[in-house]
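Read the figures in this text as sums done on the coordinates, not as results from a lab. This structure is a prediction, so every number in the text was calculated from the model and none was measured. Ideal geometry is used to build each Cβ from the backbone, glycine not excepted, and the neighbour counts take in all protein chains shown.
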Number of protein chains: 2
Amino acid sequence: MDIFVRYLEKVRTFAPEKVEMFSKACEYGIRASIYIAEKSLLDKRVSLKEVAQAINSPEAYTSKILQQLSRSAIINSDKGPTGGFSMDKYMLNNVKLSMIVSAIDGDEIYKGCALGLEKCNEKMPCPLHDQFKSIREDLKRMLETTTVKSLSLNLEKGLTFLKR
Amino acid sequence: MDIFVRYLEKVRTFAPEKVEMFSKACEYGIRASIYIAEKSLLDKRVSLKEVAQAINSPEAYTSKILQQLSRSAIINSDKGPTGGFSMDKYMLNNVKLSMIVSAIDGDEIYKGCALGLEKCNEKMPCPLHDQFKSIREDLKRMLETTTVKSLSLNLEKGLTFLKR
DNA sequence: AAAATAATGGATATTTTTGTCCGCTATTTG
DNA sequence: CAAATAGCGGACAAAAATATCCATTATTTT
Ligand code: FES
Ligand code: FES
């Protein structure tokens, strides 16, 4: 079976280069939020440049994503010297990953059909519906129960990394 | 919280339109395989046109995907009159979804990091690694244990649908 | 008030993915 | 062997996602 997969590797001339669970924008958004949260725990604001360096993301693109998170009231942004991005106490204690994902990728991840049919639909399920449902629910539950704060605490302890 | 999400809906001016677990190519590939398998169970070959209609996909694009599956030896293709696509007995009984996904999307879905770091890595895990791992493993197990045949049998029974 | 700083918003560019077109090859039928 | 059929392969086109540029706005410091 591993041989089979290796064989496919060579033959795969067509199709996507990368396929990930979240969009790049969302990945940057989550990583940035965790970094901002970590610094906010120490009452520090961070500039766009700092964020982009910390999470190893393109600066200008990251700017767009932070704007989106700011508009969604998940993070604060302040202009001018001493300005930058931060997360206030309330958000620090309450923001779940699901909010960031919703703010950037929308709720397709929850409502979408595994096989791309127009919305997941119990009444006319696609062939993969049953098998997919529980996985999607696990993912949803995970995103809805995981706080950004808990992730930033692990980061601070040096247990996890935002870039390599 | 529901109000929060609805609020985001409006504010969401930036970012991806659709974010799905598999690429479109892979979705078409899986749906096509299930359809071809269903017909092959009745010893019928199907043309590209039939497949595209059955799964409601763009014909020319579907052609590319079927070529890929054919090169990967998952389905057979025959030229000329009476030609078309089919799945032989062996494949019919042995093809798992994971093989189709590997053939089209590659194995990024198994190896990739949830937050987009260069490959998932136990030694230097991203902040979401632990939470993500079990979900990814569930997904992997599901794909590796689900046969195309079983899905096509449910389809034949009218329990599931390839288009709406 | 002027200068410096940092985010913002809009336009634009690049890359990737998705989708199309069309002449070619192989196969079957008559 | 000619005609019809059906997939193949390469080039091309459109759409979406990702990424960049730069002038502007808001804020702070001097
Ligand atoms: S209908 Fe496809 S996942 Fe529910
Ligand atoms: S390192 Fe990110 S998922 Fe394993």
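When the Cα centres of the stretch B:14-64 and the stretch A:34-78 are compared, how far apart do they sit, in Å? Taking the Cα centre of each part, the stretch B:14-64 and the stretch A:34-78 sit 40 Å apart.
Between this copy and the others, label points of B:L159 are 4.2 nm apart in ascending order, each placed 7 angstrom from Cα in the Cβ direction.
Just so you know, the Rg over Rh for the stretch A:82-164 is 1.11, from Cα atoms, with Rh as the Kirkwood radius. Taking the Cα centre of the protein assembly as shown as origin and assigning +1 to Lys and Arg Cβ atoms and -1 to Asp and Glu Cβ atoms, the resulting dipole is close to 240 debye. Taking all C-alpha pairs of the stretch B:2-156, those more than 26 Å from each other amount to 39 percent. Whole Å is fine, so just give me how far the alpha carbon centre of the stretch A:86-164 lies from that of the stretch B:81-98. Taking the Cα centre of each part, the stretch A:86-164 and the stretch B:81-98 sit 36 Å apart.
With a threshold of 19 Å on the Cα-Cα distance, the over-threshold entries among B:K39/B:K96; B:K49/B:K79; B:K24/B:K79 are B:K24/B:K79.
Look at B:T145, A:T62, A:T146, A:T82 and count the other Cβ atoms within 10 Å of each Cβ; fewest to most, that gives A:T82, B:T145, A:T146, A:T62. Dimensions of the protein assembly as shown along the principal axes, based on C-alpha atoms and rounded to the nearest Å, stand at 74, 40, 30, largest first. Under a point-charge model restricted to the Cβ atoms of Lys and Arg (+1) and Asp and Glu (-1), what is the dipole moment magnitude of the stretch B:2-156 relative to its Cα centre, in debye to the nearest 20? The calculated dipole for the stretch B:2-156 is roughly 200 debye. Using a cutoff of 8 angstrom between alpha carbon atoms and counting only pairs six or more residues apart, the relative contact order for the stretch A:29-164 works out to 30 percent. Projecting the Cα atoms of B:L128, A:L139, A:M21 onto the charge dipole of the protein assembly as shown, computed from C-beta unit charges around the Cα centre, puts A:M21 farthest toward the positive end. Here A:Q67 yields copy-to-copy label distances, from shortest upward, of 4.0 nm, the label point defined as 7 Å from Cα along Cα to C-beta.
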